[in-house]
Amino acid sequence: MAKSPTFDRYDTVVIGAGMSGLAAGIRLAQAGGRVAVLERHSLWGGLNSFYKKSGRRWDVGLHALTNFVPKGQRGHPLSKVLRQLRVPYDALQLGEQKGSRTVFPDAQLRFSNDFELLRSQVHEAFPAQASGFDALAAAVAATPIGTGDDQASARAYIAAFVDDALLIDLLLHPLLWYGSPTPMDMDHAGFVVLWKSVYEEGFARPAGGMRPLLDVLRARLADEGGELRTNCGVAAIVHGSHGVTGVQLEDGSELETQRVLSSAGWVETMALSGTSSAAIEDEAGRISFVECCAKLDTKPSDLGHDDTIVFYNLTPTTIYDAPANGHLELRSGVLCCPDNYANQLPDPEGTARITVLASPRHWNGFDDAAYATAKQEAFDGAFQAVQSFAPNFLPHVTVRDAFTPRTITHFTGKRNGAVYGAPKKRPDGATPIDGLHLIGTDQGLLGIVGAMMSGIQVANHHVLAPTTS
Amino acid sequence: MTHEETVLAVKDIIATIAPDEELDGLNLDDPLRDQIELDSMDFLDIVMELRKRYGVQVPEDDYKELNTLQGCANYLSPLLEGKELKLGV
């Protein structure tokens, strides 16, 4: 893999080497354009990255690669993304989930990569809702991605088919956790995307986690002649009356380009282009998380825990919002055990990770000592909270780490550490500035596959479409 | 490039853009779309590769000519005349 030469003029500059930026960069480079993907940090991957600490490799964000379909299944987001990026299916070495569940105090639903399991679980636990659920499933199956209504409430949509409040919460809870930028609800368009990717398709994990997948993408970008520049933060997007003219880097130098694809986020991109306003700043999302990661001296399955992911809620109705009065909300969360995917690389240790809701405002206000204490509390609190439905992992923890809204903002630039971005999505990637387009979270596709699809779609639409080439 | 080489050139481009497809059994006369999974975006990629590898521009109105391998050969052979086959680029 030859190192690409460095220029100061590009056909397209991509801001952010997350999944969407890498995918967009590959598409643009395939088309023969000179493209640079700029990443502020030393590592690439964005919200789905990796790091080393205490001699171990840790993933950021990855619970699952959603949208799993077996090799050879056509017309699905995963197959389309792989085709467009020219990545062979087997390069991902995907291992399927063993099975997951949603747990509330009075009911639970198991689901897997076979939709029939979810259907039978609903039919068994909510017989009166069986036909309503089937009608809901059929209606979502018949709604193509991109045709959902981004003004309509998912909760109201489900309620038109299913009138049991607990079942509505059970069905919605994992989807909120997997991608809603909106408290307690999500829009119908996002719901359709997530229902398909989580329930109809399902979860898998690349053997070895994010790193091998990111290596594949980086190699594809280099093979096509695209350039990945790490430690290369963008200070400003420069534009004039005819649109974008370049980007100014944090080191003071400038790259000339007439086209920028930005994965920085809507609010963040407007700030970089000097066109933000109080109204735009108000659009920033507020849902953020603390993620508590543990290495264990045993495998979770040896403790009797075979679930891949548990989406839990310890109160009778869904909690999904930044806590108003404290820094943490421990009564709602996600427990993920990556060892409970098939085909994982041999590793004597086990891993468990718990994600809980956090208030960015509180976390940003802590001094160093309070911050360290709060991380500790979050970790202990989260691992205690899951004990009503999972083993006590705490005696088995050998190494621990936690990341917070502050960490997320530091490494991704996302305002408020809002992993799922701003509630209002921009599916066409448009901005008021000619030549500046959004990709990634705020364009509206979610998850690892969705993010790659986002970069591909915007690159294709604005850059590769035959009428503009 | 001969007629046969033109078919090889197109098949090699398809192998590049669709690494998971089995191409040995492709016949000349049935629409490519019916034999393997190719959507309109994939056709755009074929056109893009023709431009990159051989400098051939296919106008959008002519995409329909690329419907079958035989159609590709008929349409592209004159455009590829005198050019050398590039495989596995």
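The values are calculated or read from the model by the stated rules, or taken from the named source; none is laboratory data. Since the structure is predicted, the reported quantities are computational estimates derived from the model, not experimental observations. In this analysis, Cβ positions are derived from the backbone assuming ideal geometry, glycine residues included, and neighbour counts consider all displayed protein chains.
Applying the criterion of being surrounded by 17 or more Cβ atoms within 10 Å (Cβ to Cβ) and over 26 Å from A:S273 (Cα atoms) to the residues of the stretch A:222-235, the residue that is nearest to the chain's Cα centre (by Cα) is A:A222.
Does any residue of the stretch B:60-71 turn out to be at the interface with chain A (Cβ under 10 Å from one of its Cβ atoms), in contact with an Asp or Glu (Cβ under 8 Å, 6 or more places away or on another chain) and small (G, A, S)? Looking through the stretch B:60-71, none of the residues is at the interface with chain A (Cβ under 10 Å from one of its Cβ atoms), in contact with an Asp or Glu (Cβ under 8 Å, 6 or more places away or on another chain) and small (G, A, S).
Considering every residue within the stretch B:1-10, establish whether at least one is within 14 Å of another protein chain (Cβ to nearest Cβ), under 25 Å from A:S79 (Cα atoms) and crowded, with 17+ Cβ neighbours inside 10 Å. No, because not a single residue in the stretch B:1-10 is within 14 Å of another protein chain (Cβ to nearest Cβ), under 25 Å from A:S79 (Cα atoms) and crowded, with 17+ Cβ neighbours inside 10 Å.
Within the stretch A:36-57, residues that are within 19 Å of A:R220 (Cα to Cα) and among the charged types (D, E, K, R) reach partners that are crowded, with 20+ Cβ neighbours inside 10 Å and modelled with pLDDT of 85 or more with beta carbons closer than 6 Å, at six or more positions or on different chains, in the pairs A:E39/A:A17. Scan the stretch A:281-293 and tell me whether some residue there is among the hydroxyl-bearing types (S, T, Y) and outside any strand (DSSP E or B). There is no residue in the stretch A:281-293 that is among the hydroxyl-bearing types (S, T, Y) and outside any strand (DSSP E or B). For the subset of the stretch B:11-42 comprising residues that are loosely packed, with under 14 Cβ neighbours inside 10 Å and more than 25 Å from B:G55 (Cα to Cα), which member is nearest to the other protein chains (Cβ to nearest Cβ)? The selected residue is B:E22.
Pairs linking a residue in the stretch B:48-68 that is over 20 Å from A:V463 (Cβ atoms) to a residue that is acidic (D, E), with Cβ atoms under 8 Å and 6 or more positions apart or on different chains, are B:T68/B:D29; B:T68/B:D30. Within the bounds of the stretch A:411-433, is there any residue that is within 26 Å of A:W195 (Cα to Cα), in contact with a Phe, Trp or Tyr (Cβ under 9 Å, 6 or more places away or on another chain) and modelled with pLDDT of 95 or more? The answer is no; no qualifying residue exists. Could you tell me which residue of the stretch A:57-77 is farthest from the other protein chains (Cβ to nearest Cβ), considering only residues that are assigned to a strand (DSSP E or B) and within 15 Å of A:E291 (Cβ to Cβ)? Only one residue tops the list, namely A:W58. For the stretch A:218-237, residues that are among the acidic types (D, E) and not in a strand (DSSP E or B) total 2.
Out of the residues in the stretch B:8-50 that are under 15 Å from A:L85 (Cβ atoms) and not in a loop (DSSP other than H, G, I, E, B), state the one that is modelled with the lowest pLDDT. Per the stated criteria, the residue is B:M41.
The selection criterion, being surrounded by fewer than 19 Cβ atoms within 10 Å (Cβ to Cβ) and within 14 Å of chain A (Cβ to nearest Cβ), does not hold for B:E49.
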